[in-house]
Amino acid sequence: MKWVRISAGIEPQPAPIVLARSDCGALWIELLGEPVCLRPSGALWIEGAGMLVAGDLHLEKGSSYAARGQLLPPYDTRATLMKLQAEIAALNPQTVVLLGDSFHDARAISRLAPDDLLRIGALGRGRDLVWAVGNHDDEGLAAFGPALPGVVAGEIAVAGLTLRHEPRANLQPGEVSGHLHPCAKIVARGRGVRRRCFLTDGSRLILPAFGAYAGGLNACDSAFDGLFDRPPLAGVLGAGVPGDGAVHPIAHAALCGD
């Protein structure tokens, strides 16, 4: 894989964020000294551990909305699983970690179509599969966990990092989490657009939602206050136009005007 060193206009500071671009459009950083790859899909690749991490799949969100009379195209689960399968095919990970809220609600697993159940069964074939517990799927994983491939865990420790669903308050060096679904509002071709993004200060990392219908929370929202030691860098997915296929480093000041 080809790496190209790039700059995001970050002033030199202690524990700098080191950036490199790979030929697939992914962005490499050092997270607490561990090289990790921010994938254009919104997944995280920890190469040294052979671990692929994806958060907030929210499978069967479409069917959950349909039950309440809000009709959406019922293909979100299939699209999300196919994107995850593509990442697995590209990277051949030893371990896949689904970082919580893999299912949208406690009954989502029972609503899965048979072919989607088969896709989930294939995720753990030839590798370890770990389901981290999220606030949406805790009851569902408890009820259906034995029927799913892999294991259920509260948090995962790897390469000096701690992976969990919901970020803990205040500074948490080495934490990798999801839950908040960060996204960035940017201007592209003269108009404002929203794109999912990673957020990191080089010490902790918050992943974007991986699921097709998961939505997002503006990176400037007060929910992110106090979580980073310094203004975080946003790794924005497809910051130019839809289908861009790259992760773009954008300084927090460019998003939030600070």
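Key figures for this structure:
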| read-out | value |
| --- | --- |
| Filter result for residue 170 (of a type outside the set (Val, Ile, Thr), modelled with pLDDT of 90 or more and out of contact with any Pro (no Cβ under 9 Å at 6 or more places or on another chain)) | yes |
| Elements of type strands (runs of 3 or more DSSP E) in region 74-183, at least 1 residues being charged (D, E, K, R) | 128-132, 155-158, 161-164, 175-177 |
| Matching option when the condition is modelled with pLDDT of 95 or more and under 21 Å from residue 118 (Cβ atoms), among 46, 88 | 88 |
| Criterion violated by residue 4 - all others in (1) modelled with pLDDT of 90 or more; (2) farther than 18 Å from residue 162 by Cβ; (3) aliphatic (A, V, I, L, M) satisfied | (1) |
| Single residue of region 208-237 satisfying the filter (assigned to a loop (DSSP other than H, G, I, E, B) and in contact with a strand residue (DSSP E or B) (Cβ under 6 Å, 6 or more places away or on another chain)) that is modelled with the lowest pLDDT | 216 |
| Tally, over region 205-226, of residues that are in contact (Cβ under 8 Å) with a residue 24 or more places away in the chain and either over 16 Å from residue 251 (Cα atoms) or touching a helix residue (DSSP H, G or I) at 6+ places or on another chain (Cβ under 6 Å) (or both) | 15 |
| Boolean, residue 184 is at pLDDT below 95 and among the small types (Gly, Ala, Ser) | yes |
| Test: residue in region 95-117 that is surrounded by fewer than 19 Cβ atoms within 10 Å (Cβ to Cβ) and over 19 Å from residue 147 (Cβ atoms) | yes |
| Failed item in (1) farther than 30 Å from residue 19 by Cα; (2) modelled with pLDDT under 90; (3) out of contact with any Phe, Trp or Tyr (no Cβ under 8 Å at 6 or more places or on another chain); (4) not aromatic (Phe, Trp, Tyr), with residue 126 passing the rest | (2) |
| Given (1) over 22 Å from residue 167 (Cα atoms); (2) assigned to a loop (DSSP other than H, G, I, E, B), index of the condition residue 17 fails | (1) |
| Tally, over region 184-207, of residues that are under 18 Å from residue 98 (Cβ atoms) and outside any strand (DSSP E or B) | 1 |
| Selection status of residue 57, outside any strand (DSSP E or B), aliphatic (A, V, I, L, M), buried (at least 23 other Cβ atoms within 10 Å of the Cβ) and modelled with pLDDT of 85 or more | yes |
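The values are calculated or read from the model by the stated rules, or taken from the named source; none is laboratory data. The structure presented is a predicted model; accordingly, all values stated were derived computationally and were not measured. Virtual Cβ from ideal backbone geometry, glycine too; neighbours counted across all protein chains shown.
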